[in-house]
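Each remark here refers to the structure printed beneath this line.
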Amino acid sequence: MQTLIKRNYSYGMLLPGLLLFVIFFVLPSIASFYYAFTNWSGVGNFHWIGWDNFRSLMDSDDASIAFRNTFLFTFLTTIVKVVLGLALALFVNQKLKTAVYLRSMLFFPAILSSIAVALAFTAIYHPEQGIINQALRFVHLESWTQNWITDRQLVMYSVSFVEIWKWTGFHMVLFLAGLQTISHDMYESSTIDGANKWKQLRYITLPLLRSVINANIMFCIIGGLKVFDIVYGLTGGGPGNASAVLNTVIFKNFAQGRYGEATAANVILFLIIVFIVLVLNKLLGNREEEG
């Protein structure tokens with residue numbers, strides 16, 4: 001008979017990985033706080049210029065639009081991905097013959113490259129040749145056709161839809177994992193007591209999924225605030241700066257050699273994420289304890 005042998009490995013084996021993490025992540029992150037207050041251009045000497053980078057950044061039109069777009073994108077995508085992901089998880093958790101197939105198909109977009117998805121949707125959103133407008137014309141709804149990614153009022157909603165399409169399946173899988181930890185005995189007992197489907201959802205499913213819901217909300221908010229690839233691949237921040245988000249502003253500043261302003265924007269984004277995560281963790285953690 002085989003026996004399991006518990007081995008204790010030295011903490012020294014963690015050192016190579018820890019060293020690489022400190023060199024390539026911790027130290028550059030700490031250094032960025034200092035460079036955000038300098039006029040560093042990547043080469044040569046640099047000088048301490050105080051809050052100038054932050055003032056210049058906040059005075060620019062790009063930054064104000066980027067802040068508004070980033071928060072709008074985060075708000076929209078978080079609500080839809082969490083609600084739709086939960087609804088899909090409840091659906092595919094039923095005893096369906098096609099349950100495995102549906103789960104696979106719904107999760108499939110999550111494994112695709114974001115840039116590839118963005119390029120595909122660039123073609124889908126095309127005002128003349130795109131499949132959406134062609135379908136609308138086919139059913140004689142020409143008035144519903146839109147310039148999906150060139151209309152300044154519409155572009156952020158079009159970008160948000162792509163993010164939702166790509167990542168809802170991922171959140172569905174997280175919810176599904178949580179659903180499968182709930183004992184069927186609880187549902188059977190509640191059915192005997194006369195509870196309908198709505199009461200089972202409200203008093204059994206949602207309370208027992210609270211920690212999974214909290215984790216999904218956290219993932220969505222952090223992902224929304226850090227969004228870059230979908231926006232850059234689909235619109236490049238355009239038309240003009242109508243779909244600019246914080247990370248496209250950072251990228252633009254780096255590309256133009258304004259490393260100080262780019263680093264300042266990075267520091268602001270970092271502080272926003274830390275603040276929101278700490279507040280949400282406190283609020284959601286309290287609700288979890290109350291539950």
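The values are calculated or read from the model by the stated rules, or taken from the named source; none is laboratory data. Quick caveat: nothing in here was measured; it's all calculated off a predicted structure. Because the Cβ atoms are built from the backbone with ideal geometry, glycine has one as well, and the counts that use them run over all protein chains shown. Surface areas here come from the heavy atoms of the whole protein model, side chains and all, with no ligands, DNA or RNA. Shrake-Rupley method; radii C 1.70, N 1.55, O 1.52, S 1.80 Å.
Which of the following residues is under 23 Å from the mean Cα position of the chain (by Cα), of a type outside the set (Val, Ile, Thr) and assigned to a helix (DSSP H, G or I): Glu188, Glu163?
Answer to the selection: Glu163.
Does segment 227-240 hold any residues that are touching a Ser or Thr at 6+ places or on another chain (Cβ under 9 Å) and either free of Cβ contacts under 8 Å to residues at least 24 places away in the same chain or part of a loop (DSSP other than H, G, I, E, B) (or both), and which are they?
Result: Val227, Phe228, Thr235, Gly236, Gly237, Gly238, Pro239.
If we keep just the residues of segment 259-275 that are under 10 Å from Ser32 (Cβ atoms) and hydrophobic (A, V, I, L, M, F, W, C), which is most open to solvent (accessible area, probe 1.4 Å)?
Filtering first and then ranking leaves Phe270.
Lys282 versus (1) in contact with a helix residue (DSSP H, G or I) (Cβ under 9 Å, 6 or more places away or on another chain); (2) over 18 Å from Ile115 (Cα atoms): which is the lone unmet condition?
(1)
Please name all residue pairs, on different chains or six or more residues apart, with Cβ atoms under 7 Å, provided the first residue is in segment 9-32 and is surrounded by 11 or more Cβ atoms within 10 Å (Cβ to Cβ) and the second residue is in a helix (DSSP H, G or I) and aliphatic (A, V, I, L, M).
As it stands, the answer is Ser32/Val267, since those pairs meet every condition given.
Are any of the residues in segment 215-222 assigned to a loop (DSSP other than H, G, I, E, B), of a type in the set (Phe, Trp, Tyr) and either exposed (fewer than 15 other Cβ atoms within 10 Å of the Cβ) or out of contact with any Gly (no Cβ under 8 Å at 6 or more places or on another chain) (or both)?
no
Looking only at segment 153-198, which residues are more than 30 Å from Ile124 (Cα to Cα) and either of a type in the set (Gly, Ala, Ser) or touching a His at 6+ places or on another chain (Cβ under 7 Å) (or both)?
Within segment 153-198, Ala177, Gly178, Ser183, Ser189, Ser190, Gly194, Ala195 meet the criteria.
Looking at (1) open to solvent by 90 Å² or more (accessible area, probe 1.4 Å); (2) in contact (Cβ under 8 Å) with a residue 40 or more places away in the chain; (3) closer than 25 Å to Phe75 by Cβ, which is the one condition that is false for Phe161?
Of the numbered conditions (1) open to solvent by 90 Å² or more (accessible area, probe 1.4 Å); (2) in contact (Cβ under 8 Å) with a residue 40 or more places away in the chain; (3) closer than 25 Å to Phe75 by Cβ, the odd one out for Phe161 is (2).
Just give me the residues in segment 81-96 being more than 18 Å from Gln180 (Cβ to Cβ) and loosely packed, with under 14 Cβ neighbours inside 10 Å, in sequence order.
Residue satisfying the conditions is Val83 alone.
Would you mention how many residues in segment 33-62 are at positive phi and in contact (Cβ under 8 Å) with a residue 60 or more places away in the chain?
Residues flagged as at positive phi and in contact (Cβ under 8 Å) with a residue 60 or more places away in the chain within segment 33-62 amount to 1.
For segment 179-196, how many residues are free of Cβ contacts under 8 Å to residues at least 60 places away in the same chain, of a type outside the set (Val, Ile, Thr) and surrounded by 12 or more Cβ atoms within 10 Å (Cβ to Cβ)?
Matching residues across segment 179-196 total 5.
Quick check: anything in segment 166-173 part of a helix (DSSP H, G or I), modelled with pLDDT under 90 and over 23 Å from Leu119 (Cα atoms)?
no
For a quick check of your reading of the model, give me the residue pairs whose first member lies in segment 133-149 and is farther than 18 Å from Ala120 by Cβ, whose second is in a helix (DSSP H, G or I) and not aliphatic (A, V, I, L, M), with beta-carbon atoms closer than 6 Å and at least 6 apart or on different chains.
Between residues of segment 133-149 that are farther than 18 Å from Ala120 by Cβ and residues that are in a helix (DSSP H, G or I) and not aliphatic (A, V, I, L, M), the close pairs are Leu136/Trp144; Thr145/Asn133.
Give just the number: which of (1) over 14 Å from the mean Cα position of the chain (by Cα); (2) modelled with pLDDT of 90 or more; (3) open to solvent by less than 10 Å² (accessible area, probe 1.4 Å); (4) closer than 28 Å to Ser158 by Cα does Gly233 not satisfy?
Single failed check for Gly233: (3).
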